[in-house]
Structure formats: C-alpha cells, structure tokens
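J.: Encoded as structure tokens, here's the structure I'll be asking about.
The values are calculated or read from the model by the stated rules, or taken from the named source; none is laboratory data. Given the structure is predicted, the values throughout are model-derived calculations rather than measurements. Cβ placement follows ideal geometry from the backbone for every residue including glycine, while neighbour counts extend to all protein chains displayed. Keep in mind that these areas ignore ligands, DNA and RNA; they rest on the heavy atoms of the full protein, side chains included. Shrake-Rupley method; radii C 1.70, N 1.55, O 1.52, S 1.80 Å.
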Amino acid sequence: MAEELEIVDLQEHIQELFKTEKYRRRIAQMAVAGERTLIVDFEDVVVFDQELAKDLVENPDEWLKPAKNAAYAQLCIEDAEYAEKVETRTEEVAVGIVRLLETARLRKLGSDHIGKLVMVEGIVVRATPVRPMVMQAVFRCKRCGEMTPVSQTGPFLRAPFQCANPTCRTKGPFDFIQEESTFIDSQELRIQERPEDLPPGQLPRTLNVKIVGSEIVDMARPGDHISTVGIVRAVAPTLPTVGKLRAFILHLDANSIRVLGKEPETILPSPEEEEKILKLSKDPWIHRKIMNSVAPSIYGYSRVKEAIMYLLFGGVPKTLPDITIRGELNVLLIGDPGTAKSQLLQYVSRIAPRGLYTSGRGTTAAGLTAAVLRERRGGMTLEAGALVLADKGIACIDEMDKMRKEDRVAIHEAMEQHTVSVAKGGIVATLNARTAILAAANPALGRYEPHRTVAENISLPVTILSRFDLIFVLRDVPEKETDSKMSEHILEIHRKGLSPVEPPIPTDLLRKYISYAKAIKPVLTKPALQRLGDFYLAMRSASETEDSPVAITARQLESLVRTSEARARSALRREILAEDAEAAIAIMKKSLEEVGIDVTSSQIDIDLIMTGKPKSLRDRLQTILSTIMAMERETGLVEKVALLNELETTYNIPQGEAERLIGQLLREGTIYSPRDGYIKKT
Ligand SMILES: Nc1ncnc2c1ncn2[C@@H]1O[C@H](COP(=O)(O)OP(=O)(O)O)[C@@H](O)[C@H]1O
Ligand SMILES: [Mg+2]
Ligand SMILES: [Zn+2]
C-alpha cells in the first residue's frame, strides 16, 4: 500500500514538470502531429528536481511507468479528445528521454550499468526488418473454446497456465488466436563504436539495441550514426540441453533514438589555429607543403601524394533533380609487394576525418558493401559493409583485388552512385556510401609487367578500374640513385625512430585544415572552364580520326572537375582558377601515361582501362579473328601452323606475338581448340 502511494506521488510529481509551459506546448503539439511519444530533455528534469533526475538514471524501470501515466494525464487536460483516441489504440503514450548529461563509452559498459539508464553513440552496423511483436496473446481452449488473454514479456511466447473458464480449467492444449492478440512493432539493431571513438589499434565493440514501439522502430538504417538512450539489460544466453550460461550478455532496451548528422564533426579550430590555417592557405607553396606533409616517412611518390592530397580534400558533389554526381575521388595504387602501399593507406585512414582501413575482404561478413545475413534465431538482418560505414569519409581498401564475389557486383553502384542497394531475404534497402576510396592492389602475376596492359596486370574487371579517377603504378625497380637515397631514408628512420623529414604542416593542424576546407564549395571560373573544355575537346578530336584510340571520355572530364575543385579547396579558395585546371590535367595525364600508355603505339589509350585492351592490340586481335573466320570458310577447322604463317606473311605479325595473342583469345573463350593443333571460333 505504501509503495502504491509512493508511485502515485512520483506520477504527480513528474506531472508537475509536464505542467510547465514548455511541456504543455509539447503535449499539445503531440496531439496536433498525431504522435504518441513525449520527448523529455534530461536537462529539464535536472533543473526541475535534481533528485528526480538521479532517480531516473538509477531506477529507470520504476520511473518510466509513472512518467507515462503523468504524460497521459496531462494529455487528457490538454486535449481530452485526442487522449481518448490514443487510449483505444494498442499502444499507449510513451515518454522518450533524450540528451543525458554524458555519453557512456560503449566499451566501458559493464555490470555496473545493468538496469541503469545510459546514453551511447555508435554506427548502426546491422538492422533487422521491423517485426510485429505480440504484447497480449489470446489463446483459445481446444476443449471448451474459452478465450484466455496472456500478457507477454520475455523472448518466448507464453501460453496460459490453465483455461480461464472456471468450469474447464484444463491445462491445454490451446490455439494462439492472432486476430484477437495485440501486436507492437519491434526491431533489433547492432551498433558499433564510431571510428573516431576508437582507441588506436583496437577492434570496435558492438552492442545490440532492442527497440519496441512504432514511433522508434525503423528510424535508423545501417550506416547511420545514432545516439540512443536506453536501459542496460543483461541476459544469460541459453544453450539447448545445457541451460543458461553464467556469463550474461549486455544489450540495450532503447527508450529513444536520435539519428546524428552525418558530417564528421568539424573539429572547430581555436582562434589561434584559425589564424594559422588562414595564413597557411595564403602561402604560395601551400600545395607542395600539404603534399610533403602526407606520410613524410615514406620516401618519394610525389605524384601519389599529390593524388592523396586531392582525395583528402575532395570535390563538390552535385545534386541535380534527376541525377547526383559524386564529389569524392577514387584513387587506385597498383604495385609490387613492399612498395609501401599498405603504409600509405594506413596513414590516410588515420589522418582523414572518418577514415577507415580495411582489407578487400572486409573485416566483417558484410565485406565492402552490405550483406543480408541469416541470424541464428532464424530471422534476417541487414549488415553494413566498409563503404557504408565510411559514409562521408575515406575508405582505404588494401588488397582490393581480393574482395568478395558479391562485392565485385555491388561495388559498381557504390563507386559511382554512392549507394548500396540490397534486395534479398525480404529486405529491401538502399544505404548511403558517399565514400572516397583509396585502394591498393597487388599485381596478379606477383610483379607488375610493364609490357602488359593494366587489365592484364590486375585481377579486377575493367568496369571497376574505369571508376577510379586516378590510377598509379608503384614499381619496385632497382635503380642505383633512388635506391641509395631511399635506403638512407629508411635507415635514418630506424636509427632515430623518427621521420627524417619533418612534415611542413604538423598532422594535427593538417587534419583541422582539411575539416576547415571541406566547408568551401569552389566554383569554376571562366578561364578554368576554358582549359578543361579545350583539353577535353583536343583529346576527343585526336580520337576522331578512324584509327586512333578513344583517348578520353566524359568520365575523365568529371574526374578533372573533381580534381580541380579539390585543388582549389586545398588553398581554401572559393574559385577554381586556370592553375587548378592545369594541375588537374597534369596529374590525370601522368596517371593515364602510367597505366594507359599504349606500349605499341605510344598513344594514350583510355580503352586500356575501359575495355582492358589497347587499340593497337584490339586491332591485332581483330585481324587474327577475321583471318580465322576467313580460313574457316575455306577449310572448316583452322590449322594453327597455317594460321601463324598467314598472319606473318600477310599482316606482319611475328609468330611469337601471334602465339601469345591466340593464347589470350583461347583464355577469353573467343576461340577454342577442338583438337590439338587446330582452332575454331566459338
Ligand atoms: N618509399 C618508401 N619509403 C619508406 N619506406 C618504404 C618505402 N617503400 C617501402 N618502404 C617500407 O617497406 C615496408 C613494406 O611496405 P608495405 O606498406 O607493407 O608494402 P606493400 O603493402 O606495398 O606490400 C614498410 O615497412 C615500408 O615502410
Ligand atoms: Mg600490403
Ligand atoms: Zn477450457
């Protein structure tokens, strides 16, 4: 009895808070919007009554029930008609607590927190679809037909102990009657520590969040950053036949969820820092300074570091009514083993706001894009992969050539449209992946073979290669002068344990500089536009003559714009000048030369990336194919020796080369060998 009284007191006391101006307005607003959840700022509770606030955190279970009643009582006063309507529904009025005074660190949650109200932040990595959960189950007695309602708690559906009919009282069997039972929407999320909260070198921890109530389910998707307030619960997992385990697993029963802004928090610079940043941006050598501040311990690679600079700053995404064009750059490094690719990637993931380092396989079952997983208990859940988790950041993907089969398909959309679509196992969703990509890949043959094409050198399909704005080849070729300088550099690091080159801009300041620059949206000036347009047209017209390769496509033009924007941004300029356009053209040419140079005709040949074959090679393959077809018409099967002779005499293709190309056509499956020494077109 005494306890009852206390609860009524608590309810009345809380209602006093709801009688204040602010909450009366909120409650009236609920009625207008047709909502059932009253959002309560924790700070208001603290101001209203500090003891009451403390009680809320310590005993949330005892607090929230009277709080709901208080909210309902006040709603009856503010809008009796609406209150009546709410009452007849299956769900009642809810109270959602937001903005606790402190955020609990996910990895610090432990036994001390069980039963307490906490607030945690994290990225949603998994989400189940919304599932109806039965709150009050109605069972019909198989013997007398009596309906017995049973309120449900806990994870399993409970049948009545006995029939409610006093003359029957049988202990079953019963039928579950769905139409008579009441349901409420539920969902389960898994959140993971945000990369920015992660202590260096630690694996991110995760926490399951259970959500009940139609107004808070389906608010967050995988990849979203959320702040959630809820009660920490501990449940002992049950092992079949063995029983419950002694070690409990923590989860959170969510009370409120807020989706946080996706922008990585701009670490606001102090006034002194802002002054430094602005002064730096005026430096005529600013680009060189930034480049030289990228991974100073790694020797050389100035073009790669320049590309990384553009990647860090990024271009401006454009959202048109019908399409969106990505602003972020994608850069690929193909290189021999031991050329510091992994080191560069790790560096970038550390310096970039919201950087993420992963291997091509990804670190979870979801890989690089996303996956629909079957849970142990049978349901389906959607899990976000690396590109979704790095939304609005930079994903550094090492050994990209080793990615999952599923990712090879899904990554095309992620790289160009910046979304990941999933339609599988009853889950249909589109997740955001507005991610810049810095990828590394090892040559398929162990070492980069300069006389082969890029596509031959790397086991990634050309459709993926063509989505990289810039591609560089890092080769490990013994060369006396650079070798001695590099070994000096590396030995110096080992001797001092420090980088022999001080970065011109300290890493901490550089990170702030980048954050600061990201707010700028540079626009093309006339002269810059002119340069880019001229370059594009010149390259296109060079390819107009029938037999020259298509040099450049609209994809490259967009890459040039992005790169120019990034360059203007890195000097904190709002205008893209001709010099930015020039620099963008220069680095693109360099990249094209490295990968696209047609070794036979020495012409830049974008077809190499686009189709995986240079024009001259395609011509030759075409010649071989048409010769085969012509000979087939005469003899049926084509004798290989005869073909090689014909190619050498009529077309001047040396036998060795012809052998190699025929081998390639055989591998591709364009031709086949029905018996030894003979070939036929498929
Ligand atoms: N240009 C360089 N400057 C400094 N160190 C280098 C350079 N090239 C290679 N190294 C060193 O060689 C080692 C191998 O680098 P790693 O990043 O693992 O290569 P990869 O991923 O390309 O196989 C690292 O310790 C790296 O520091
Ligand atoms: Mg490596
Ligand atoms: Zn009965």
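J.: Note down, for the stretch 469-538, the three equivalent ellipsoid semi-axes (square root of 5 times each alpha carbon gyration tensor eigenvalue), biggest first, whole angstrom.
T.: Those come to 37, 24, 9 Å.
J.: What is the local net charge at I427, summed over the other residues whose Cβ is closer than 15 Å to its Cβ (Lys, Arg +1; Asp, Glu -1)? Working shown, then result.
T.: Values: positive: R126, R131, R190, R221, R374, K424; negative: E188, D218, E375, E383, E406.
So the environment of I427 carries a net charge of +1.
J.: Turning to a different aspect of this structure: When ligands, DNA and RNA are left out and all protein chains stay put, how many square angstrom of accessible area per residue does the stretch 200-329 have with a 1.4 Å probe?
T.: Accessible surface, normalised per residue, equals 53 Å².
J.: Leaving ligands, DNA and RNA out of it, work out the accessible area of K485 with a 1.4 Å probe and give it in Å² to the nearest 10.
T.: Approximately 100 Å² of K485 is accessible to the 1.4 Å probe.
J.: OK, next. Pop out the ³J(HN,Hα) list for the stretch 429-434 in order, Karplus 6.51 cos²θ - 1.76 cosθ + 1.60 with θ = phi - 60°, rounded to Hz; leave Gly and Pro as x.
T.: These are the phi-based 3J(HN,Hα) values: 7, 10, 10, 7, 9, 7 Hz.
J.: Would you kindly give the portion of the calculated P(r) for the stretch 326-395 that falls above 17 Å, as a percent of all Cα pairs?
T.: 53
J.: Using the Karplus curve 6.51 cos²θ - 1.76 cosθ + 1.60 with θ = phi - 60°, what ³J(HN,Hα) values do you get for each residue of the stretch 25-32, in whole Hz, with x for Gly and Pro?
T.: 5, 4, 5, 4, 5, 4, 4, 5
J.: Also, quick follow-up: Skip the ligands, DNA and RNA, and give the accessible area per residue of the stretch 370-527 with a 1.4 Å probe, whole Å².
T.: Averaged over the residues of the stretch 370-527, the accessible area is 48 Å².
J.: Return the percentage of antiparallel bridges among DSSP beta bridges fully within the stretch 316-472, rounded to the nearest 5 %.
T.: Antiparallel bridges: around 45 percent, rounded to the nearest 5.
J.: Shape verdict for the stretch 150-266, please, from the Cα gyration tensor: rounded (a/c under 1.5), prolate (a/b greater than b/c) or oblate.
T.: It comes out oblate by the Cα gyration axes.
J.: Now, a different point. Calculate the length of the line joining the C-alpha centroid of the stretch 323-374 to that of the stretch 10-30, in whole Å.
T.: 49
J.: With both partners inside the chain, how many of the DSSP beta bridges are antiparallel, as a percent to the nearest 5?
T.: 70
J.: At a 1.4 Å probe, what is the % contribution of carbon and sulfur to the accessible area of the stretch 67-217?
T.: 49
J.: Each residue of the stretch 105-113 in turn: what ³J(HN,Hα) in whole Hz from Karplus with 6.51, -1.76, 1.60 and θ = phi - 60°, glycine and Pro shown as x?
T.: 6, 4, 6, 9, 5, x, 4, 4, 8
J.: As a test of understanding, state the convex hull volume per residue of the stretch 393-465 from its alpha carbons, in Å³.
T.: 92
J.: Hey, another quick one. For the stretch 61-124, what D do you get in µm² per second when you plug the Kirkwood radius from alpha-carbon pairs into Stokes-Einstein at 4 °C and 1.567 mPa s?
T.: In µm²/s, the coefficient is 90.
J.: Rank R350, R99, R376 by accessible area, highest first, at a 1.4 Å probe radius?
T.: Descending accessible area places them as R376, R350, R99.
J.: Bin width 10 Å, alpha-carbon pairs only: give the P(r) of the chain as whole percents, running from 0 to the bin holding the largest distance.
T.: 3, 12, 18, 19, 16, 13, 9, 6, 3, 1, 0
J.: Under the rule of at least 5 residues apart or a separate chain, name every residue whose amide H is placed under 5 Å from the amide H of Y678.
T.: Distant-sequence amide H within range of Y678: K640.
J.: Can you list the cysteines of the chain that have no other Cys Cβ under 4.7 Å away?
T.: C76, C396
J.: Using a/c under 1.5 as the rounded threshold, could you call the stretch 629-674 rounded, prolate or oblate? The axes a ≥ b ≥ c are square roots of the C-alpha gyration tensor eigenvalues, and prolate needs a/b larger than b/c, oblate otherwise.
T.: Oblate, since a/c reaches 1.5 and b/c is not below a/b.
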